[in-house]
1. Only helical DSSP H runs with n ≥ 4 go in: add -39500 (n - 2.57) per run for the chain, normalise by residue count and round the 222 nm mean residue ellipticity to 500 deg cm²/dmol.
2. Before anything else, pin down the relative contact order of the range 78-198: Cα pairs under 8 Å, at least 6 apart, normalised by residue count, whole percent.
3. Would you mind putting 198-211, 250-263, 136-149 in packing order, based on average other-beta-carbon counts within 10 Å, highest first?
4. Contact order normalised by length for the chain, with contacts defined as Cα pairs under 8 Å and 6 or more residues apart; what percent is it?
5. For helix 128-143, report the angle its Cα long axis makes with the longest principal axis of the Cα atoms of the chain; keep it between 0 and 90° and round to the nearest 10°.
6. Answer rounded, prolate or oblate for the range 184-267, using the Cα gyration tensor with square roots of eigenvalues a ≥ b ≥ c: rounded when a/c is under 1.5, else prolate when a/b is larger than b/c, else oblate.
7. Please work out the Cα convex hull volume for the chain and give it in Å³ per residue.
8. What is the distance in Å between the Cα centres of the range 110-159 and the range 195-267?
Ligand code: NAP
């Protein structure tokens, strides 16, 4: 980190943003989990919200509901994550909370996955997030505080048939979060990795394969939003939503061969 906080400077004073509120930048805020997080933050009335998404109409609607500022960006495009961070920092001068919720899926056999879809998933779900964090972190470290929230997926923790690239991208996010946390120790900046199960959002329709299993039942995105806000308040490193998802991950860690046999059979 280029500018670690000087211990001599003492703790940085809290919020000094123009309206007395901290600044949150939420990507994927035009839909699903990101939109629910934006609404949950808006309900707190403590945040100045910068919302990003791809579809300008959906994003404006979300911004209207939350009194946020809409910054539409297509994160597939090279350099857009950096531009988004620079624009948000240029407008607000600071970002206290970054929620990286933008993401896309693709389901089907890997050997049939078009290269364009490979690029899209790896770029939006992983590379853009890393670039965004790279741009936002120096100011947080300088300020001596801040939260980075990465929305991962259970697919990244255990691997899922027909979702190889999506799972790889989400696994990358988890490893990124774990690694970064070591570097940020003592800076006051926290990294939260969120691992949701199945969430009732347009995600499945958009990836072209609906969620058809009877169990686990999809949960409302508001449940994830509540868990995120609570985990940020408590400076947590990682949160599974629902919490019992830790169990399959634990079983896989302790008995990988058995887990794989069961997963191959029951999927
Ligand atoms: P969603 O309703 O489809 O929302 C996806 C969000 O990502 C939208 O705001 C979308 O913007 C944005 N986005 C997609 N491609 C983008 C691009 N190229 N540039 C900028 N923004 C882009 O899906 P969701 O379920 O809320 O997903 C949010 C996150 O949760 C994703 O990272 C996903 O992997 C993760 N997740 C979802 C589930 C689930 O079961 N739904 C489970 C675990 C993890 P537009 O609406 O403007 O296109």
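1. Numbers: 11 runs with 125 residues, N = 267.
Theoretical 222 nm ellipticity from helices: -14500 deg cm²/dmol.
2. Working: 175 pairs, mean separation 36.7, N = 121.
That works out to 30 percent.
3. Numbers: 198-211: 15.1, 250-263: 12.6, 136-149: 21.2.
So the order, starting with the most tightly packed, is 136-149, 198-211, 250-263.
4. Working: 472 pairs, mean separation 50.7, N = 267.
The value is 19 percent.
5. In the chain, helix 128-143 runs at an angle near 30 degrees to the longest axis.
6. Details: a/c = 2.45, a/b = 1.29, b/c = 1.90.
It comes out oblate by the Cα gyration axes.
7. Convex hull volume per residue, Cα atoms: 128 Å³.
8. Between the Cα centres of the range 110-159 and the range 195-267 lies a distance of 17 Å.
None of the figures in this text is laboratory data; all of them are computed from the coordinates on show. Being a predicted model, the structure only gives us computed values, none of them experimental. Backbone-built Cβ (ideal geometry, glycine too); neighbour counts: all protein chains shown.
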